[in-house]
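Enquirer: Before I ask anything, let me first share the structure, which is written out below as structure tokens.
The values are calculated or read from the model by the stated rules, or taken from the named source; none is laboratory data. Nothing here was measured: the structure is a model prediction, and the numbers come from that model. No Cβ is skipped: glycine too gets one built from the backbone with ideal geometry, and neighbour counts run over all protein chains shown.
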Amino acid sequence: MANYLTIVHECKDYPTWKKAYDADAPKRAAAGLTEFHVLREHDNANLVALMFGVDDVGRAKAFATSPDLAAAMKTAGIVGSPKVRFRHGKYNRVSAPISATMTLTVRDYETALKAYAMDAADRKGAGLTDLAVLQLDDDPNNLLILWAVSDVARATALFDSPALAAHMAKNAGVVGPPERHFWKA
């Protein structure tokens, strides 16, 4: 299993943020981070999701909590507090113009994985390609699921279906409502 850093934050102005983000690339590289995704939320172009591969968790955590990064984020116009999460799991790196994520809490990781496997055909039929199921380092029952999306309408219909909600509650042991986003590259 590999290690990943995910960050979700909102900025005042994406072009201003992107310029500052690009200028900070050498510091991310020095921290052992490999950029996998820079995504903008489908309905809010100033909500940004980032995903990095992590070579050295200690170095990456030092970078993520550094005053330099906090200052760079402030200068870049970050609104509110970023969600900075260290995760681990399997990731199938694929570039896609549209992605979807779902963050959720389950009662038991292994049970949730078995239930996730049960609805593979439904996901495929909804135009979803499985990319990752990542566990939060501090809470292995907090999951981030990532998909490539070929059809937002079909994916939305699946995500909003009562059958999926019942399956998630009964078979996967999902606790509370999941957080869902569609992203564009």
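Enquirer: Could you say whether any residue in region 124-138 is of a type in the set (K, R), farther than 22 Å from H9 by Cβ, over 18 Å from the mean Cα position of the chain (by Cα) and surrounded by 13 or more Cβ atoms within 10 Å (Cβ to Cβ)?
Expert: no
Okay, residues lined up against (1) under 16 Å from W183 (Cβ atoms); (2) assigned to a strand (DSSP E or B); (3) assigned by TED's automatic domain parsing to the domain that holds E179:
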position	(1), (2), (3)
W17	yes, no, no
A20	no, no, no
T34	no, yes, no
A45	yes, yes, no
L50	yes, yes, no
G53	no, yes, no
K61	no, no, no
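Enquirer: Tell me, which residue of region 63-100 that is exposed (fewer than 12 other Cβ atoms within 10 Å of the Cβ) and hydroxyl-bearing (S, T, Y) is nearest to V152 (Cα to Cα)?
Expert: S95
Enquirer: Give me the pairs: first residue in region 50-69 and closer than 20 Å to L131 by Cβ, second residue acidic (D, E), beta-carbon distance under 9 Å, and six or more apart or on different chains, which are they?
Expert: Pairs that qualify, where the first residue is closer than 20 Å to L131 by Cβ and the partner is acidic (D, E), are L50/E35; M51/E35; F52/E35; G53/E35.
Enquirer: Criterion first (in contact (Cβ under 8 Å) with a residue 60 or more places away in the chain and surrounded by fewer than 13 Cβ atoms within 10 Å (Cβ to Cβ)) does K19 satisfy it?
Expert: In short, no.
Enquirer: Among the candidates A165, A155, A185, which residue alone is surrounded by 17 or more Cβ atoms within 10 Å (Cβ to Cβ) and either over 14 Å from T105 (Cβ atoms) or in contact with a Ser or Thr (Cβ under 9 Å, 6 or more places away or on another chain) (or both)?
Expert: None of the other options fit; the residue is A155.
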